[in-house]
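Just so it is clear, none of the values below were taken in a lab; they were calculated from the coordinates. Note that this is a predicted model, so its numbers are computed, not measured. Glycine also receives a Cβ, built like all others from the backbone with ideal geometry; neighbour counts cover every protein chain displayed.
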Amino acid sequence: MRAIWKGALTFGLVNVPVKVYSATEDHDLSLHQVHNADGGRIRYRRVCELDGEEVPYADIDRAYDDGERTVVITSEDFAALPAERSREIEVVEFVPTDQIDPLLFDKAYYLEPDSMSPKAYVLLRETLQNTDRTAIVRFSLRQKTRLAALRVRGDVLVLQTMLWADEVREAAFPALDTPIKISDKELELSASLVDGFAADFEPSAFVDEYQQELRTLVQAKLEKGDAFDTADTFGSAEEEGAGGEVIDLMEALRASVERNRAKSSGDEKTSGKKAGKKAAGE
């Protein structure tokens, strides 16, 4: 991994030099646009609307227009901002971890100690773990002031940028204002259904099926060209229903619980047979 930023994590008079790395990466298949008539690549040009000339990135600045006037802000202007020049990740406060709404979380970064001795880094990590607190920090990255949560993942400090409070929309849905009566039996069946699906979360058990299918599609077209047939690769698409059907919630819950129980019973029998065969073989 390549560090994208270097600075210091500060709280009180404690200074922890760190390197910042992106904690995630995008594995989506990269596609580009083409003309459907001849397959020619579609490219976009940066053209000045005054002289019609194509402009290289090096000659492009940004501007703000208030409706009457326009001001141009150069890269030198951005670099002169005090917040942009700062190389500090400043701890503002330590808060109970359960007080942070996950909806606020954005992009994650790993922090690596950047000093001869990682003692201060380890001290902060252990303190966060022992107190069950998360540090709320402020820092500047790529010409933007960020709010972030500093937390622990394994033995690494993770910086998780957060949305500002005014960036989260209010969820106001009139349908939820109507009082709804939920019976004890419905709650019981619903809880039973949840128990049937209960498991320990293993992220590696889940894959992006769309991207897998897209890669299969691309490979099939590379191999077969114009002879490619989606039905041969993916099978025929099932016909979609005419629309949403109004069903009885209680009956749907009962049917779901029974189906889940039958599936679990079948899985147990299959496992039992395999275990028996294995024991007999031994």
Given a Förster radius of 22 Å and the C-beta distance between Gln99 and Lys6 as r, what FRET efficiency does 1/(1 + (r/R0)^6) yield to the nearest 0.05?
0.15
Could you give each residue of the stretch 112-126 its phi-based ³J(HN,Hα) in whole Hz, using Karplus coefficients 6.51, -1.76, 1.60 with θ = phi - 60°, and x for Gly or Pro?
10, x, 10, 8, 5, 10, x, 4, 5, 4, 5, 4, 5, 4, 5
Non-local residues with an amide H under 5 Å from the amide H of Val156, with H modelled 1.01 Å from N and Pro and chain starts lacking one, are none
Can you return the aspartates and glutamates within cross-link range of Lys144? Criterion is Cα-Cα under 12 Å, with same-chain partners fewer than 8 residues away left out.
Glu84
Value at 222 nm in deg cm²/dmol, rounded to 500, when DSSP H runs of n ≥ 4 in the chain each add -39,500 (n - 2.57):
-10000 deg cm²/dmol
Please report, for the Cα atoms of the chain, the Rg to one decimal and the Dmax as a whole number; what are they, in angstrom?
28.0, 87
Quick note on Phe201, Phe11, ordering by fewest other C-beta atoms within 10 Å, gives Phe201, Phe11
Computed FRET efficiency, Cβ-Cβ of Arg254 and Glu202, R0 45 Å: what is it to the nearest 0.05?
0.95
